[in-house]
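Accompanying notes for the structure given below.
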Amino acid sequence: MRTFKIVLFSVMAVIAIIGLAFFIIGYYKPKPAGLLVRSAPDSNVYIDNKLIGRTPIDTTMNPGEFTLKIVPNEDLVSYEAKINLVSGIKTIVKREFGQTEASSSGEIVSFEKEQGETAGLVVVSIPDNAQVTLDGVSKGFSPVKINSVVVGEHILSIKSPGYLDRNLTIRTVAGYKLTVLVQLPKLPDEPKEEPKAETLNYVEILKTPTGFLRVRNQPGSGGAEIDQVSPGDKFLLLETDGTSGWYKIQLEAPVAGLPNGRVGWVSNEYASVSAEVKIISQ
């Protein structure tokens with residue numbers, strides 16, 4: 001009987017030790033880390049060069065640092081980054097692919113355990129020196145570190161000239177520093193308009209017996225003289241009279257009330273016409 005009690009006691013002790021061991025292992029074993037990856041368009045996701053699926057992916061992993069790669073099927077630039085997965089915390093990665101790296105955008109939202117129960121925030125942007133606003137209040141230019149942030153939900157805005165703005169809803173957690181890495185998409189360059197060319201006809205005054213050429217108010221020698229021009233002078237041709245062949249020229253540039261400027265007629269006997277191409281500024 002005594003032997004039986006000893007054996008029973010020994011078995012119970014072993015069971016207790018095994019149970020305690022499992023309890024200790026379970027207590028100290030870190031909780032898994034969460035990972036959410038979304039992209040547009042849907043893409044293959046690799047962790048340390050191992051395919052884990054296709055976006056959207058919402059999974060758990062062991063905590064640690066990993067290399068994340070998101071590869072779209074289309075002819076777009078793939079994305080690669082280092083991520084630090086924290087026990088019991090979900091890291092969020094979003095990526096919107098463009099034709100180039102500069103036109104792509106996205107963010108990585110991750111946490112890091114800190115001393116104390118306050119919530120911290122770090123904002124890093126591509127490009128840097130972007131304006132950072134939290135709940136409508138300016139916090140300076142990236143990179144920005146805010147040591148104490150009210151725990152809870154906030155609206156984070158990042159702006160930079162030449163880039164599209166990005167607005168995020170974030171949630172800070174007591175005892176953790178929230179790091180937000182944001183890549184802004186570059187605005188497309190405005191298309192440059194090609195300069196326009198216009199062909200204009202000009203009248204050049206030739207040599208005359210008098211050394212000048214009379215300008216009249218109507219075609220023909222019967223018109224009243226309003227001015228005189230010299231050989232070598234050049235004027236914009238406005239019109240050619242079908243009967244006399246005289247040229248209507250622009251003596252002075254247009255002004256208010258005179259859309260053609262000051263004009264007059266000269267004899268085609270002492271003038272020649274040539275075409276010139278003028279570039280019209282945009």
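Key figures
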{"item": "Odd one out for Phe111 among (1) at pLDDT below 90; (2) outside any strand (DSSP E or B)", "result": "(2)"}
{"item": "Candidate set from the stretch 227-250 (those that are within 12 Å of Leu213 (Cβ to Cβ) and either in a loop (DSSP other than H, G, I, E, B) or hydrophobic (A, V, I, L, M, F, W, C) (or both)); member that is nearest to the chain's Cα centre (by Cα)", "result": "Phe235"}
{"item": "Of the criteria (1) free of Cβ contacts under 8 Å to residues at least 24 places away in the same chain; (2) surrounded by 16 or more Cβ atoms within 10 Å (Cβ to Cβ), which one Thr67 fails", "result": "(2)"}
{"item": "Residue under evaluation Gly53, criteria (1) over 26 Å from the mean Cα position of the chain (by Cα); (2) within 23 Å of Thr169 (Cβ to Cβ); (3) in a strand (DSSP E or B), criterion not met", "result": "(2)"}
{"item": "Selection count where residues are in contact with a Lys or Arg (Cβ under 8 Å, 6 or more places away or on another chain) and of a type in the set (A, V, I, L, M), scope the stretch 233-253", "result": "3"}
{"item": "Any chance Leu156 is within 27 Å of Lys82 (Cβ to Cβ), buried (at least 18 other Cβ atoms within 10 Å of the Cβ), of a type in the set (A, V, I, L, M) and over 21 Å from the mean Cα position of the chain (by Cα)", "result": "no"}
{"item": "Out of Ala256, Ala275, sole residue that is under 24 Å from Ala197 (Cβ atoms) and either in the same structural domain as Thr208 (by TED's automatic domain parsing) or in contact (Cβ under 8 Å) with a residue 60 or more places away in the chain (or both)", "result": "Ala275"}
{"item": "Any hit, the stretch 108-122, residues being under 16 Å from Leu168 (Cβ atoms) and surrounded by fewer than 19 Cβ atoms within 10 Å (Cβ to Cβ)", "result": "yes"}
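The values are calculated or read from the model by the stated rules, or taken from the named source; none is laboratory data. Worth saying up front: this structure is predicted, and the values here are computed from it rather than measured. Counting neighbours? That spans all protein chains shown, and the Cβs are built from the backbone with ideal geometry, glycine included.
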